[in-house]
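Colleague: Mind having a look at this structure? Questions to follow.
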Amino acid sequence: QVQLVESGGGLVQAGGSLRLSCSASGSTRSINTIGWSRQPPGKTRELVAAITSGGSTNYADSVKGRFTISRDNAKNTVYLQMNSLKPEDTAVYYCNAKLSWNTYWGQGTQATVSS
């Protein structure tokens, strides 16, 4: 099993920045891909960014050039640096880890961007 704990959400004005952190524990060596998804109010969950064990990254078109995903393997932590935030980035952000046999999710952290 893998346990994921997110932190770093909050309230920020449009144009501002937030950095989300996801701390993983448990079978972390078995994680193939770890990333972030978000669920805006009244909408379905969507992929934001992901990073593989080899370091390859991918991003949703809506965040390319503004968000950066990175990982610190020594700390078993993944970060999502969010810059130039827009009100439409308001959502609950979830960390998720994909293993060969299962996908695990964190409890989510709220990020709110005011106009």
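The values are calculated or read from the model by the stated rules, or taken from the named source; none is laboratory data. Computed from a predicted model, the values in this text were never measured in an experiment. Cβ: placed from backbone, ideal geometry, glycine included. Neighbour counts: every protein chain shown. Just the protein is used for accessible areas: all its heavy atoms, side chains included, with ligands, DNA and RNA removed. Shrake-Rupley method; radii C 1.70, N 1.55, O 1.52, S 1.80 Å.
Colleague: Might you check whether a residue that is within 24 Å of Gln13 (Cα to Cα) and surrounded by fewer than 15 Cβ atoms within 10 Å (Cβ to Cβ) occurs anywhere in the range 66-77?
Modeller: Yes, because at least one residue in the range 66-77 is within 24 Å of Gln13 (Cα to Cα) and surrounded by fewer than 15 Cβ atoms within 10 Å (Cβ to Cβ).
Colleague: Moving to a separate point now. Considering Val92, Val63, Val113, which residue is part of a loop (DSSP other than H, G, I, E, B), of a type in the set (Val, Ile, Thr) and open to solvent by less than 60 Å² (accessible area, probe 1.4 Å)?
Modeller: After ruling out the rest, the residue left standing is Val63.
Colleague: Consider the range 7-50. How many of its residues are open to solvent by less than 40 Å² (accessible area, probe 1.4 Å), assigned to a strand (DSSP E or B) and under 14 Å from Thr103 (Cα atoms)?
Modeller: Residues meeting the conditions: 7.
Colleague: Can you tell me which of (1) acidic (Asp, Glu); (2) at pLDDT below 95; (3) in contact with a Lys or Arg (Cβ under 7 Å, 6 or more places away or on another chain) is the one Asp72 doesn't meet?
Modeller: Against the list (1) acidic (Asp, Glu); (2) at pLDDT below 95; (3) in contact with a Lys or Arg (Cβ under 7 Å, 6 or more places away or on another chain), Asp72 comes up short only on (3).
Colleague: So, one more: Find all pairs meeting these conditions: Cβ atoms under 7 angstrom apart; at least six residues apart or on different chains; first residue within the range 59-81 and over 19 Å from Glu6 (Cα atoms); second residue modelled with pLDDT of 95 or more and surrounded by fewer than 18 Cβ atoms within 10 Å (Cβ to Cβ).
Modeller: Ala60/Glu46; Ala60/Leu47; Arg66/Asn83; Arg66/Ser84
Colleague: In addition: Only one residue in Ile69, Ile31 is in contact with a Leu (Cβ under 8 Å, 6 or more places away or on another chain), among the β-branched types (Val, Ile, Thr) and under 23 Å from Thr112 (Cα atoms). Which one?
Modeller: On inspection, the qualifying residue turns out to be Ile69.
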